[in-house]
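Working notes, structure below.
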Amino acid sequence: MTEKVPMTFQGQQRLEEELRHLKGPERQAIIKAIAEAREHGDLSENAEYHAARERQSFVEGRIQDLEDKLGRAEVIDVSKLSGDVVMFGATVTLVDEDSEEEVRYQIVGDEESDIKKGYLSISSPLARALIGKEKGESVEVHTPKGSKSYEIVKVSF
């Protein structure tokens, strides 16, 4: 049995868009770059040719990876979720109990996480500590920089 990959609808859309770009414009650009590099003659010492082939290898690998993840995707419609318990797809507002700094994260699948944009991976230590907790509860997370304590001030979907 293949393992499902949880993701939000928006995450699925972003991956599908990346896949379309890689299969279309990106593949065409690589084919053109390889053809141009071949025109320069001896391929054994042709840096442009080797760079284009390396890029082609990377793109084809990423295409396979995206097709695999999208094929195993378990899309969770966050708009149909509700409640006060933190779960996949929840947007959680936290207050750092030491600095009083407020942060807000949406718990998403690994492929769509981007901490700078507020998307927290479901497999991250913080998300694992938050799952199943409710507004008003505190969580302690062990990070490479030491332990941090957060209070959950809001859970929304």
task: Could you tell me whether the stretch 78-156 comes out rounded, prolate or oblate from its Cα gyration tensor? Rule is a ≥ b ≥ c as square roots of the eigenvalues, rounded for a/c under 1.5, then prolate if a/b exceeds b/c, otherwise oblate.
output: oblate
- line: Taking a crude spin-label model, label points 7 Å out from Cα along the C-beta direction, the His21 to Lys116 distance in nm is 1.4
- request: Quick one: among Tyr105, Tyr49, Tyr119, which has the greatest mean-square fluctuation in a GNM of the chain with alpha-carbon springs under 10 angstrom?
  value: Tyr49
- prompt: From the square roots a ≥ b ≥ c of the eigenvalues of the alpha-carbon gyration tensor of the stretch 5-76, which class results: rounded (a/c under 1.5), prolate (a/b over b/c), or oblate?
  reply: prolate
field: Under Karplus coefficients 6.51, -1.76 and 1.60, residue-wise ³J(HN,Hα) of the stretch 21-37 in Hz, glycine/proline x
entry: 5, 5, 6, x, x, 5, 4, 4, 5, 5, 4, 5, 5, 5, 4, 5, 5
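Going by C-beta contacts inside 10 Å, put Thr143, Thr93, Thr2 in order with the fewest on the left.
Thr2, Thr143, Thr93
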field: Rounded to whole Hz, the Karplus (6.51, -1.76, 1.60) HN-Hα couplings of the stretch 90-98, x for glycine and proline
entry: 5, 9, 10, 9, 10, 10, 5, 5, 8
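Taking a 31 Å limit on the Cα-Cα distance, which of the listed pairs Lys32/Lys116; Lys80/Lys145; Lys4/Lys116 fall beyond it?
With Cα atoms farther than 31 Å apart: Lys32/Lys116; Lys80/Lys145.
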Highest-fluctuation residue, Ala35, Ala73, Ala90 considered, GNM on the chain with Cα pairs under 10 Å: Ala35
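Taking 0.36 nm per intervening residue step and subtracting the Cα-Cα distance, what contour gain separates Glu100 from Leu43 on full extension? The partial results should precede the final answer.
Numbers: separation 57, 0.36 × 57 = 20.52 nm, distance 5.98 nm.
Result: 14.5 nm gained on full extension.
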- line: Once the in-chain neighbours fewer than 8 apart are removed, the lysines whose Cα is under 19 Å from Lys135 read Lys148, Lys154
task: Label the stretch 51-93 by shape, choosing from rounded, prolate and oblate, from the square roots a ≥ b ≥ c of the eigenvalues of the Cα gyration tensor; if a/c is under 1.5 it is rounded, and otherwise prolate applies when a/b is larger than b/c, oblate when it is not.
output: prolate
- line: The answer for Leu120, listing residues at least 5 apart or on another chain whose modeled amide H is closer than 5 Å to its amide H, is Gln106, Ile107, Val108, Asp114
- request: Quick one: which residues, 5 or more positions from Lys133 or on another chain, have an amide H under 5 Å from its amide H? H modelled 1.01 Å from N in the peptide plane, none for Pro or chain starts.
  value: Val86
query: Candidates [x] 30, 20, 14; [y] 42, 18, 12; [z] 29, 15, 14; which is the computed semi-axes √(5λ) of the Cα gyration tensor in Å?
result: [y]
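The numbers here are math on the coordinates, done by the rules we state, and not lab data. Keep in mind that what you see is a predicted model, and the values were worked out from it rather than measured. Neighbour counts are summed over all protein chains in view; Cβ atoms, including those assigned to glycine, are modelled from backbone coordinates with ideal geometry.
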